[in-house]
1. Mind checking which residues of region 156-198 are open to solvent by less than 30 Å² (accessible area, probe 1.4 Å), under 24 Å from His55 (Cα atoms) and in a helix (DSSP H, G or I)?
2. From the set of residues in region 14-47 that are touching a Ser or Thr at 6+ places or on another chain (Cβ under 8 Å) and open to solvent by less than 60 Å² (accessible area, probe 1.4 Å), which is modelled with the highest pLDDT?
3. When region 330-344 is examined, which residues are found to be touching a residue at least 60 places away in the same chain (Cβ under 8 Å) and not in a helix (DSSP H, G or I)?
4. Quick check on region 58-71: of everything there that is open to solvent by 20 Å² or more (accessible area, probe 1.4 Å) and assigned to a helix (DSSP H, G or I), which residue is farthest from Ile100 (Cα to Cα)?
5. Counting only residues that are at positive phi and under 21 Å from the mean Cα position of the chain (by Cα), which one in region 284-305 is most open to solvent (accessible area, probe 1.4 Å)?
6. Please name all residue pairs, on different chains or six or more residues apart, with Cβ atoms under 8 Å, provided the first residue is in region 84-104 and is over 17 Å from Val179 (Cβ atoms) and the second residue is modelled with pLDDT under 95 and aliphatic (A, V, I, L, M).
7. Being assigned to a loop (DSSP other than H, G, I, E, B) and closer than 27 Å to Thr387 by Cα is the filter here; which residues of region 263-287 pass it?
8. Ala327 - would you say it is crowded, with 21+ Cβ neighbours inside 10 Å, in contact with a Leu (Cβ under 8 Å, 6 or more places away or on another chain) and part of a helix (DSSP H, G or I)?
Amino acid sequence: MTAQFGDYQNEIYEGGLRGVVPPFPMSYEELEARARAALPASLVSYVAAGAGNEHTQRANVDAFTKWGIIPRMLVGAVRRDLSVELCGLRLPSPLMMAPIGVIGLCAQDGHGDLAVARAAARTGVPMIASTLTVDPMEEVAARFDGVPGFFQLYPPDDRKLAESLVRRAEAAGFRGIVVTLDTWLTGWRPRDLSTSNFPQLRGHCLANYTSDPVFRSRLDRTPEEDPAAAVAHWAKTFGNPLTWDDLPWLRSITRLPLLLKGICHPDDVRRARDAGIDGMYCSNHGGRQANGGLPALDMLPAVVDAADGLPVIFDSGVRSGADIVKAVALGATAVAVGRPYVYGLAIGGTEGVVHVLRALLAEADLLMAIDGYPALADLTRKALRPTPATAAAPR
């Protein structure tokens, strides 16, 4: 019989018969606690922090509790199909790894991007590699071992540099470009501000810039000769507040699928779709950039409706397999996880990330089996009902 994601729990129980206890936590709360103990305080702050008083970050997580999954019996969901189609790719599950700009620092050996890429190869879960990495994108992509990866672009205020980064991603074998729209400047993050901590200004995670021929051509001396000048130039060119007028140029610089990250309003979805964008990424950056907003999950159904068949990736607040199932039921094509896999990386490197991804998929798979949903296609909004504290029903 073909393996299912839920078989991971059988491996764990069978290990117990031999006296083997899992080395990594099963709950998000314990995972976070272990990672806090393993990472320097400055990194814990950078990864865990949200904007402002972190209300939006908490709201993202709480939004999932507003929906309950309706069980359907006598379905015989012995086999489950979690595979999805995304931008011409057939993926084994809807799970992806969201781009996180400091994961390179979160591994004990300081090469977290490579460790996460190896976890993608091991699990089949695509990595969306950030522009901000410790190792150049070419070295990250080389570890995918055939699993499709996506490159996340922070558009710099230098079109030639942006084009160079995208063309390098194409040449390295990435299968799509995710353009982040909500981080052309940094949100108000009191935790980081209280320690004056901004890793990139200290020269961290800039390998894609310092290895880029266009970036290097803008410097009087090489980054190796004058790292401070390289950091200063990066700070000057990092953020580009794109407008709708920039979309034709953005669309013209790559033939890869192009997805916009941070899209949460249906009018923006329709305008982006009309501009030839291939997919939407509904996200509020996990609450890291702007406080006081709505949970991203609350905006997902309207984004999906406006996308009118275009794929929609979702992230923000995903902590469990049940969250993945709920996001799919609300229309997400794929669901990206962030902080949980970073914490797995912090305590166990590639093995820790693999554990987190397998645990999330096992929970989602088993939930679908027990509640009677054999395939993702069966997970529609009719599979959900508001919990008693919620008034609005899914359309």
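The values are calculated or read from the model by the stated rules, or taken from the named source; none is laboratory data. Since the model is a prediction, treat every value here as computed from it, not as a measurement. Glycine also receives a Cβ, built like all others from the backbone with ideal geometry; neighbour counts cover every protein chain displayed. Surface areas here come from the heavy atoms of the whole protein model, side chains and all, with no ligands, DNA or RNA. Shrake-Rupley method; radii C 1.70, N 1.55, O 1.52, S 1.80 Å.
1. Of everything in region 156-198, just one residue is open to solvent by less than 30 Å² (accessible area, probe 1.4 Å), under 24 Å from His55 (Cα atoms) and in a helix (DSSP H, G or I), namely Asp192.
2. Among those that are touching a Ser or Thr at 6+ places or on another chain (Cβ under 8 Å) and open to solvent by less than 60 Å² (accessible area, probe 1.4 Å), it is Tyr28.
3. Leu330, Ala332, Thr333, Ala334, Val335, Ala336, Val337, Gly338, listed by residue number.
4. Looking at the filtered set, the residue picked out is Lys66.
5. Among those residues, the one meeting the criterion is His285.
6. Qualifying pairs under 8 Å: Val102/Leu43; Val102/Val47.
7. Within region 263-287, Ile263, Cys264, His265, Ser283, Asn284 qualify.
8. So Ala327 passes the test.
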